[in-house]
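Before any comments, here is the structure.
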């Protein structure tokens, strides 16, 4: 068994009560710390499990089975990262990461930002950054990439699970993009 560290962001805004704490504990979340920041409730977990996926999914199910109508919005650490967050996660300097991004180190072709190119703060996909670093031998622990993939998939699933119409729309658009033809119905 391995201990996985992650955070669940609660979509519904519960009020901190003894009933909430007791319900989470009784549901099996005795390995989590409930906190609030700017009115947002979140649970920091240190969960033992065979895999990150099992750890996160079991935590989500336990939170949502408390009987308190709690809903998990997303899991952190997020796939979206700034250059500063990349540096923090890799325990490297910001300057070192900027050199990788600019291509002055690392052989170039750093992943393109996924958002923010026209704003002050650019965002990258952590999964893409880790893949790039592994391909270039900058890091060797491929479990970091597997964990990034897992968290991204879980967050994407959380985003569409409550809205079947949205899921159908995503599938339709994906099909159109794959065909490279626009068929407007």
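Just so it is clear, none of the values below were taken in a lab; they were calculated from the coordinates. From a predicted model like this one, the values you see are computed outputs, not experimental measurements. Methodologically, a virtual Cβ is constructed for each residue, glycine included, from the backbone with ideal geometry; neighbour enumeration extends over all protein chains shown.
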Rounded if a/c under 1.5, otherwise prolate or oblate - the chain, Cα gyration tensor axes: oblate
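Which whole-number percent is the relative contact order of segment 1-76 (Cα, under 8 Å, 6+ apart)?
Reported relative contact order: 48 percent.
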Inter-label distance for residue 181 and residue 80, nm, one decimal - labels placed 7 Å from Cα along Cα-to-Cβ: 3.5
Förster-model FRET efficiency, 25 Å R0, residue 143 and residue 33, C-beta, rounded to 0.05: 0.55
Angle between the chain longest axis and helix 18-27 axis [Cα atoms, degrees, rounded to 10]: 70
Between helix 164-179 and the chain: long-axis angle, C-alpha atoms, 0 to 90°, nearest 10: 20
Helical mean residue ellipticity (222 nm; -39500 (n - 2.57) per DSSP H run of 4+; nearest 500) of the chain: -14000 deg cm²/dmol
Between helix 52-64 and the chain: long-axis angle, C-alpha atoms, 0 to 90°, nearest 10: 40
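Sorted by packing (mean other beta-carbon atoms within 10 Å per residue), highest first, where do 73-82, 35-44 land? Walk me through the intermediate numbers first.
Working: 73-82: 17.9, 35-44: 13.0.
Put in order of decreasing packing, that is 73-82, 35-44.
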Tail fraction, Cα-Cα pairs, segment 55-120, threshold 14 Å, whole percent: 70
For the chain: relative contact order, % (alpha-carbon pairs under 8 angstrom, 6 or more apart): 19
Most mobile of 172, 88, 136 in a GNM of the chain (Cα contacts under 10 Å): 172
Global geometry of segment 1-76, whether rounded, prolate or oblate, following the gyration tensor of its Cα atoms and the 1.5 cut on a/c: prolate
Residue 21/residue 136 FRET efficiency (R0 45 Å; Cβ-Cβ; nearest 0.05): 0.45
Sorted by Cβ neighbour density within 10 Å, fewest at the top, the residues 142, 128, 11: 142, 11, 128
